[in-house]
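Before any comments, here is the structure.
Computed from the coordinates by the stated procedures, all read-outs in this text should not be read as laboratory data. Being a predicted model, the structure only gives us computed values, none of them experimental. Cβ: placed from backbone, ideal geometry, glycine included. Neighbour counts: every protein chain shown.
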Amino acid sequence: MTHPTPLLDLTHAELANLLAGWGQPRFRADQVWDWLYGKLATDPAGMTNLPAALRDRLAAETTIDPLAPIHAQRSADGQTIKWLFRLPDGQTIETVLMHYDDTRASARARRTVCISSQAGCAMGCVFCATGQAGLARNLTAGEIVAQVLYAARWLRDPFQDLTGLQRPVRSDDRLTNVVVMGMGEPLANYERVWQALRTINNEAGFNLGTRHITLSTVGLPQGIRRMAGEPLRINLAVSLHAPNDALREKLVPVNSRYPIAEVMAAVGDYIARTNRRVTFEYALMAGIDDTPALAHELAALLAGLLCHVNLIPLNPVAESPYRPSTSENAAAFQAILEGRGIPTTMRTRRGIDIDAGCGQLRRRLGQT
Ligand code: SF4
C-alpha cells in the first residue's frame, strides 16, 4: 500500500498535478487549496463543494494535519499559549501563540505565532533548551505550515484542545503575524521553510502579507545572501547576543564557523540588495553580555547600518547558569544604544510561567 500524501507538503502546482492525475478539472486544485488555507479545513468530508467521490479519495489517499497536540499551557495572564505537538514519526515540536492587545485607538491587536523549523537544533546556543538537546531532523514544509494553521484555527474557532484550554470568546480573532523563531535554525532547513512561507503568503489561500512574516536566524551568511534574492520580501532578524567574537563564541558556538565580520558582511549585502531594515536580536543575560562597555561596542558595530535592535530579557532555563539582566541594567544598556543613535525596542518577556523560551516545555516534559 502506498503512503498517504501529506497535502500541506504540496505546493499549489504539485496539488494541481496530483488532482490532474486523478482526472480532476484544473479548478479543483483552487477549491482544495481554499479549503486548506482559506477555510482552514482538516477533514475532506467537510469540503462541501467537491464531489463525494473526490472527498472520499482525498480521505483515503491523503492526510492534512500532521500535528497531534500532546500538551498545552496558557500563561497566568492568558496572553501566551504554548503547544507541544507530536509529529507522525514521534518527534515533538513547540509552537507559541502570543496575544498583544494594545489599547491605543490607532493600534491593532496582534496575534503572533512563533513556529519551529526543525525538531531540535544543531546550533547549540548555550542559553537555549533546544540547543542543548541537539538536532533530530528538519521539519517538512507541511509540518511548518501546519503550526500556523493550528494557531489560526484555534483563534477562529472556540474549540477545546486536549488540555481543556479554551480560547477567549472573540469570534473576529485572526492570526496577524508569523515569526520563524521557535525550535531550529530556519536557514539550515532553507527549502522547506521557504516553501512554507510561500504557502502562507499565497493570495489564494492564507494570504499573510510579507511584512507580517519574520525569519530569525543565528546568522548563516550563505542563507542570508540567498534570502536577499527571494522575491518574497519578509523581515530578517539576526540573533547576535554579543558584539565581539570572543564572547559570542561562548554563547553561540556556530560563531566559530561564521565570525561576526562574516555575518555583518552578509547583512550588509542583504540591506544593499533589499533596502530592508534588519533586526538584531540581543538576549540580555546578567553579567554576561549586558555591561555598558558591551553596549558601546554593539553601538559601534552597528553604527550607520539600516537596523534595529530588539533587546530581550532572557527566558531562564532550569539548571542553566544564564539569568536575565535586571531591569535597571537592561534599561541602561538600551539607553546607551539609543543615545548613540541605534533604534531599539525592549521586548516584553512572554509566558515566563509557562516555559515559553524555545525548547523549555519539551525539555521539562522529557520529550527531547
Ligand atoms: S537559540 Fe535558536 S539557533 Fe540557538 S540553539 Fe536555540 S533554537 Fe537553535
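Given segment 1-133, what whole percent of its Cα pairs are spread farther than 16 Å?
For segment 1-133, the share of Cα pairs beyond 16 Å comes to 74 percent.
Let me make sure I get this right: for segment 5-63, a, b and c are the square roots of the gyration tensor eigenvalues over alpha carbons, sorted descending. Under 1.5 in a/c it's rounded, otherwise prolate if a/b > b/c, else oblate. Which is it?
Since a/c stays below 1.5, the shape of segment 5-63 is classed as rounded.
What nm distance separates the two modelled labels at Arg57 and Arg110, each placed 7 Å from Cα along Cα→Cβ?
Roughly 4.4 nm, to one decimal.
State the percent of C-alpha pairs, over all pairs in segment 116-271, separated by a distance greater than 22 angstrom. Mind showing how you got there, number by number?
Details: 5710 of 12090 pairs.
Value for segment 116-271 (Cα pairs over 22 Å): 47 percent.
Using the number of other C-beta atoms within 10 angstrom as an exposure proxy, rank Val309, Val32, Val254 with the fewest first.
Least to most surrounded, the residues fall as Val254, Val309, Val32.
For a footprinting-style exposure proxy, rank Ser216, Ser320 by other Cβ within 10 Å, fewest first.
Values: Ser216 22, Ser320 15.
The order, fewest Cβ neighbours first, is Ser320, Ser216.
Mind checking which of Val113, Leu301, Cys125 is farthest towards the positive end of the chain's charge dipole, using Cβ charges of +1 (Lys, Arg) and -1 (Asp, Glu) about the Cα centre?
Of Val113, Leu301, Cys125, it is Val113.
Need one number: nm distance between label points at His296 and Asn17, each 7 Å from Cα along Cα→Cβ, rounded to one decimal.
Placing both labels 7 Å along Cα→Cβ, they lie 5.9 nm apart.
Considering the dipole of the chain built from charges on the beta carbon (Lys and Arg +1, Asp and Glu -1) around the Cα centre, which of Leu135, Leu236, Tyr322 is farthest to its positive end?
Leu236
Give me the orientation-averaged projected area of the Cα convex hull of the chain, in nm², one decimal. Each step should come with its number before you reach the end.
Numbers: hull surface 77.2 nm².
For the chain, the mean projected area of the Cα convex hull comes to 19.3 nm².
If you place +1 on the Cβ of every Lys and Arg, -1 on the Cβ of every Asp and Glu, and leave all else neutral, what size is the dipole of segment 1-95 about its Cα centre, to the nearest 20 Debye?
160 debye
So which GluC sites (Glu not before Pro) in segment 235-328 are both in a DSSP loop and have at most 15 other Cβ atoms within 10 Å of their Cβ?
Passing sites in segment 235-328 are Glu319.
Run lengths n ≥ 4 of DSSP H only: what is the helix-derived mean residue ellipticity at 222 nm for the chain, with -39500 (n - 2.57) per run over all residues, to the nearest 500?
That comes out to -9500 deg cm²/dmol.
Using Cβ counts within 10 Å as a stand-in for footprinting exposure, how do Phe127, Phe27 rank, fewest first?
Listed from fewest to most nearby Cβ atoms, that is Phe27, Phe127.
How big is the charge dipole of the chain about its Cα centre, in debye rounded to the nearest 20, if each Lys and Arg gets +1 on its Cβ and each Asp and Glu gets -1 on its Cβ?
For the chain, the charge dipole is close to 440 debye.
Given a Förster distance of 22 angstrom, what is the FRET efficiency for Glu262 paired with His308, based on the Cβ-Cβ distance and rounded to 0.05?
Here the calculated transfer efficiency is 0.55.
Tell me the net charge near Pro292. Cut-off is 14 Å between Cβ atoms, Pro292 excluded, with +1 for each Lys or Arg and -1 for each Asp or Glu.
-4
Only Lys, Arg, Asp and Glu count, each charged at its Cβ (+1, +1, -1, -1), so figure out the dipole size of segment 183-337 about its Cα centre, rounded to 20 debye.
520 debye
By DSSP, what percent of the beta bridges with both residues in the chain are antiparallel, rounded to the nearest 5? Walk me through the intermediate numbers first.
Working: 23 of 49 bridges.
Roughly 45 percent of the beta bridges in the chain run antiparallel, per DSSP.
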